[in-house]
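The values are calculated or read from the model by the stated rules, or taken from the named source; none is laboratory data. It should be emphasised that the depicted structure is a prediction, and the values quoted were computed from it without experimental measurement. Note: ideal-geometry Cβ built from the backbone for every residue, glycine included; neighbour counts use all protein chains shown. For the accessible areas, the whole protein counts, side chains as well, though only heavy atoms, and no ligand, DNA or RNA atoms are used. Shrake-Rupley method; radii C 1.70, N 1.55, O 1.52, S 1.80 Å.
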Amino acid sequence: MLETRRDTEELMDDPALPAATYDAVLADLAQVNRVTMAYRPTLAFLDRALAGRKSFRLLDVGYGQGDMLREIAAWAGERGVKAELVGVDLNPRSEAAAKAATPPDMPIRYRTGDYADLGGRGWDVIVSSLVAHHMSSEELVLFLQFMDTEVSAGWFVNDLHRHAVSYLGYPVLAKLARWHPIVRADGHTSIARSYRPAEWDALLAEAEVTGASVQRYFPFRLCVEKLRGR
Ligand SMILES: C[S@@+](CC[C@H](N)C(=O)[O-])C[C@H]1O[C@@H](n2cnc3c(N)ncnc32)[C@H](O)[C@@H]1O
């Protein structure tokens, strides 16, 4: 099962989706992230990457509803660390949805566009969540190279693991939680589109990125990280 990556488009990427539907999908996706404990690996990475720092600049690629950035803002606030947080998302509808869900006093700026246009801005950290599997392997190699060139402290890819247990278990969880039908369908597709550890190793080798590591996080995440200076 799932020997090769699936190549099906996700429904949420359809530009014809009405804005209200897109907003509802992003709101449920934020719930999926919370219920599946998806913030924890990224925040634990920040503890490692930014230990001892008093300030940092971070880019979140493909922010969706901005929920990861809000978690990061709270993480920084609790530690008294000054954060400059920028999100960039290709889908123009994400910006309005994320702004509406974000308290105005949080240090987050949302932009619409391609991450590749945001090089040379002095990022300490670049993160993403549930974005890597939206990219082809060619796009992902370019993304790895971009992150590796641009960061001073480290980068972190938080994505899914193409694994039979997640693939069979997610529809049950999604039905019980009564998530939006698009979130149910796309979640299932996303698991089938995501990468396996050996595939990440091959992508890193192709990108000529050394010193990165791939790690599984309970229950569904497969994350790839690199800390500078290691
Ligand atoms: C499944 S959503 C993830 C949203 C959010 N990060 C989360 O964890 O719920 C993937 C997002 O990545 C964005 N995306 C894909 N490729 C991108 C690129 N090259 N630059 C910026 N955003 C991108 C899409 O527009 C989409 O909103």
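Of Arg162, Arg5, which has the most accessible area and how do the rest follow, probe 1.4 Å? The partial results should precede the final answer.
Numbers: Arg162 0, Arg5 70 Å².
Solvent-accessible surface, decreasing: Arg5, Arg162.
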>> Just to verify a number: what accessible area does Phe218 come out at with the full protein assembly present, 1.4 Å probe, Å² rounded to tens?
In response: 150 Å²
> In the chain, what is the count of Lys pairs whose alpha carbons are under 29 Å apart, counting only pairs at least 8 residues apart or on separate chains?
Replying inline: 6
>> Could you derive backbone 3J(HN,Hα) for the range 11-22 from the dihedral phi with the Karplus parameters 6.51, -1.76 and 1.60 (θ = phi - 60°), listing whole Hz in sequence and x where the residue is Gly or Pro?
In response: 4, 5, 7, 6, x, 7, 5, x, 4, 5, 5, 4
> To the nearest 10 Å², what's Leu142's accessible area with a 1.4 Å probe?
Replying inline: 110 Å²
> Hey, if you put +1 on the Cβ of every Lys and Arg and -1 on every Asp and Glu Cβ in the chain, which of Leu173, Leu17, His163 ends up farthest toward the positive end of that dipole?
Replying inline: Leu173
> Which distance in nm do the two modelled labels at Gln145 and Glu206 give, with both placed 7 Å along the Cα-to-Cβ direction?
Replying inline: 1.2 nm
>> Give me the one-decimal nm value for the distance between modelled label points at Asp14 and Arg178, 7 Å along each residue's Cα-to-Cβ direction.
In response: 2.4 nm
> Which ³J(HN,Hα) values, rounded to whole Hz and listed in residue order, are derived for the range 31-40 from phi using the Karplus coefficients 6.51, -1.76 and 1.60 in 6.51 cos²θ - 1.76 cosθ + 1.60 with θ = phi - 60°, glycine and proline given as x?
Replying inline: 5, 4, 4, 5, 5, 8, 6, 7, 6, 3
> With every protein chain present, what is the per residue accessible area of the range 151-194 (1.4 Å probe, Å²)?
Replying inline: 37 Å²
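Could you work out the equivalent-ellipsoid semi-axes for the chain, taking the square root of 5 times each eigenvalue of the Cα gyration tensor, largest first, in whole Å?
Values: eigenvalues 126, 96, 55 Å².
Taking √(5λ) for each Cα gyration eigenvalue gives 25, 22, 17 Å.
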> Extension gain Phe218-Thr21, at 0.36 nm per residue separation less the Cα-Cα distance, in nm?
Replying inline: 68.0 nm
>> Please report the spacing between the Cα centers of the range 5-44 and the range 173-230 in Å, no decimals.
In response: 14 Å
> At what distance in nm do the modelled label points of Asp105 and Glu84 sit from each other, each positioned 7 Å from its Cα along Cα→Cβ?
Replying inline: 2.2 nm
> Given the protein chains as shown and a 1.4 Å probe, how many square angstrom of His180 are accessible, to the nearest 10?
Replying inline: 50 Å²
> So how long is each side of the range 178-219 along the principal axes, counting just the alpha-carbon atoms, biggest first, in Å?
Replying inline: 42, 21, 12
> Among Ala51, Val125, Ala205, whose Cα lies farthest out toward the positive end of the dipole of the range 11-227, if unit charges sit on the beta carbon of Lys, Arg (+1) and Asp, Glu (-1)?
Replying inline: Ala51
>> Explain nothing, just the number: relative contact order of the chain, from Cα pairs under 8 Å at least 6 residues apart, as a whole percent.
In response: 23 percent
> To the nearest 20 debye, what charge dipole does the range 11-227 have about its Cα centre, counting +1 at the Cβ of each Lys and Arg and -1 at the Cβ of each Asp and Glu?
Replying inline: 800 debye
> What residues have an amide H closer than 5 Å to that of Tyr217, excluding those fewer than 5 places away on the same chain, when H is modeled at 1.01 Å from N in the peptide plane?
Replying inline: Leu222, Cys223
